[in-house]
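Below is one structure, written out as structure tokens, with a few remarks after it.
The values are calculated or read from the model by the stated rules, or taken from the named source; none is laboratory data. Since the structure is predicted, the reported quantities are computational estimates derived from the model, not experimental observations. So basically every Cβ, Gly included, is an ideal-geometry build from the backbone, and we count neighbours across all protein chains shown.
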Amino acid sequence: MHVCALCDPGSLVRTVGGDPGVPALRFPEVLEGPKGRAQGGAAVAALGCVAQRNSAAPGAPLRRITGRLQRPVPLNAPLDASVAWDGGNGSVQILDGEVPAVTGTVETGEAPTVQSLSERLRQAVARMAAVSGAECQGKSIADEDPDPNWVEPTCYGCSRPRELGGLFLPGWRVAPDVIASPFVAEASHRDAERHLAWPIAVAATDCSTGICFSADRDFQKRLSAEDKAYITGSLDYYLLRPAPLDGRAYRVLGTPDGIEGRKMFGAAGLFDEAGTPYVVCEGTWLVIPMPDEWKKSSQPASKS
């Protein structure tokens, strides 16, 4: 029987439950991303958990997970899912009622190598690996030039404090085109083999595919001036190798990979200090008008 951080009854981030034949999901508040909705990386990771729980070969290792966020994924709401397998590949949907909220594919089998990635992603991995041992100093990207009009960030991946169950990976500039955050593993992040649980690694490498663009202060100021923000559109993960939790230090790094119209393309990965990648991700983000619920001006006044 498949068990991971997202379906273990004792896990702080348990999301997937119910009978294996009829999967049911509920994203807890700790997995919040943008205000009021589930973090994109956690939502895509749930595709992999659902697929493994409903596979004819549940022990088959995952090698790739892709996900497209079709609509905001609500927190603390009952969700359903569907899985269709074709050999070692599965098509998965997370459903909000009858409407798909997240759609994607899962591939099982031998782990991919860096050499098997696209040329574009290989170049991004090389940029990140070159500075994976760099020390994070000074202010994080979010603290360099905070926007006073945004509500306090809540995201499980980049801004929720560790003492509140978050990963806290806000991003520090370590090269002109690379950001990095030290990854601090908790006991609850271990899997049965004492490696970093792959759903945690997947969630960890979501935000940096977008935060890397905010390292460009001019870009961030233009967005703020136009009252715009950006949200996750799709994520494509490659699980290259297990990450042992044996005392070695890890970093989550991110680098931008171009902008086309309202689409932003970025890459991120979990690396050790020697530059070895464990999980890498390509993310597509969408520039949107700033939602009212993300603005401080739209929040009700606090009561003293």
**Request:** Please state which of the following conditions Glu260 fails to meet, knowing it meets all the rest: (1) touching a residue at least 12 places away in the same chain (Cβ under 8 Å); (2) surrounded by fewer than 18 Cβ atoms within 10 Å (Cβ to Cβ).
**Result:** (1)
**Prompt:** Hey, any hits in region 211-229 for a residue that's closer than 30 Å to His2 by Cα and not in a helix (DSSP H, G or I)?
**Reply:** no
**Request:** Evaluate region 113-120: report whether one residue or more is under 24 Å from Phe219 (Cα atoms) and surrounded by fewer than 19 Cβ atoms within 10 Å (Cβ to Cβ).
**Result:** yes
**Item:** Single match in Asp227, Asp246, Asp257 (criterion: of a type in the set (D, E, K, R) and touching a Lys or Arg at 6+ places or on another chain (Cβ under 7 Å))
**Value:** Asp257
**Request:** Run down Ala225, Ala249, Ala215 and say which single residue is surrounded by fewer than 21 Cβ atoms within 10 Å (Cβ to Cβ), under 20 Å from the mean Cα position of the chain (by Cα) and at pLDDT below 95.
**Result:** Ala249
**Test for Asp216: is it within 21 Å of Gly269 (Cβ to Cβ) and in contact (Cβ under 8 Å) with a residue 60 or more places away in the chain** = no
**Fill in**
The number of residues in region 246-271 that are out of contact with any strand residue (DSSP E or B) (no Cβ under 9 Å at 6 or more places or on another chain) and assigned to a strand (DSSP E or B) is 1
**Ala192 being out of contact with any strand residue (DSSP E or B) (no Cβ under 6 Å at 6 or more places or on another chain) and either over 19 Å from Asp257 (Cβ atoms) or among the basic types (Lys, Arg) (or both)** = yes
